[in-house]
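All remarks here apply to the structure that follows.
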Amino acid sequence: MKTALFPGSFDPVTNGHLDVIKRALLLFDKLIVAVSVNNTKSGLFSLEERKQLLIRACKDIPNIEVICFEGLLVQAVQKYNAAAVIRGLRAISDFEYEFQMAMMNRELNKACETIFLMPSPEYSFLSSRMIKEIASFGGDISTFVPTVVVDAIRQKALNRKKINE
Ligand code: ADP
């Protein structure tokens, strides 16, 4: 059984991520979606919230496991016996960073292969950062993210409003 690992911040999961997940599952028997602790990006959702949102967004997709991980990606790859790392490529602007990371991971572990998957064009401009920005100004994000994320972002805004009242 071939397993792949799809790491990312998923803050929050978008329809672009789900597109990549479904494509990866056409190639592999099992996909481990690995939510990473991210010290460089400002987070909206906690690690556990991001994991729960992914679990709920993927509830109808078989052969998926959602985990959290901290540390080196190559360690997670080894731990879960993954045959490949999956990353999404939206545009050429993603490429340089992704290429560098893939090469470094292979340097750290010769067996660590990275596979890049392109989403459908309608998702190619989507990013979690943009979703957070649109939502923060009250914009409609419902066509870009699963319903569970729309609800969770709405709930966060309500909680914030209550705190500020
Ligand atoms: P990271 O902080 O690791 O980049 P992200 O959650 O932003 O975490 O992205 C995780 C992976 O999903 C990355 O490979 C990224 O390129 C990919 N990705 C993000 N948004 C999209 C999208 N709209 N379409 C395809 N891939 C995407």
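The values are calculated or read from the model by the stated rules, or taken from the named source; none is laboratory data. In this text, all values refer to a predicted model and were calculated from it rather than measured experimentally. Methodologically, a virtual Cβ is constructed for each residue, glycine included, from the backbone with ideal geometry; neighbour enumeration extends over all protein chains shown.
Restricting attention to segment 1-46 and to residues that are in a loop (DSSP other than H, G, I, E, B) and closer than 14 Å to residue 84 by Cα, the residue that is modelled with the lowest pLDDT turns out to be 1.
The listed residues are 10, 45, and the only one of them that is of a type outside the set (Lys, Arg) and touching a strand residue (DSSP E or B) at 6+ places or on another chain (Cβ under 6 Å) turns out to be 10. In segment 124-165, which residues are among the aromatic types (Phe, Trp, Tyr) and either over 16 Å from residue 16 (Cα atoms) or at pLDDT below 95 (or both)? Listed by number, the residues that qualify are 125, 137. Annotation note: Cβ proximity below 6 Å between a residue of segment 78-103 that is free of Cβ contacts under 8 Å to residues at least 12 places away in the same chain and of a type in the set (S, T, N, Q) and a residue that is outside any helix (DSSP H, G or I) and within 12 Å of the ligand (Cβ to nearest atom) (sequence gap 6+ or interchain) occurs for no pair.
Among the residues of this structure, residue 2 does not count as one that is more than 9 Å from the ligand (Cβ to nearest atom) and within 23 Å of residue 143 (Cβ to Cβ).
Scanning segment 88-104 for residues that are in contact with a strand residue (DSSP E or B) (Cβ under 9 Å, 6 or more places away or on another chain) and not hydrophobic (A, V, I, L, M, F, W, C) yields a count of 3. Tallying residues that are among the polar types (S, T, N, Q) and more than 9 Å from the ligand (Cβ to nearest atom) within segment 114-147 yields 5. Entry remark, segment 39-61: residues being in contact (Cβ under 8 Å) with a residue 24 or more places away in the chain and over 21 Å from residue 135 (Cα atoms) number 2 in total.
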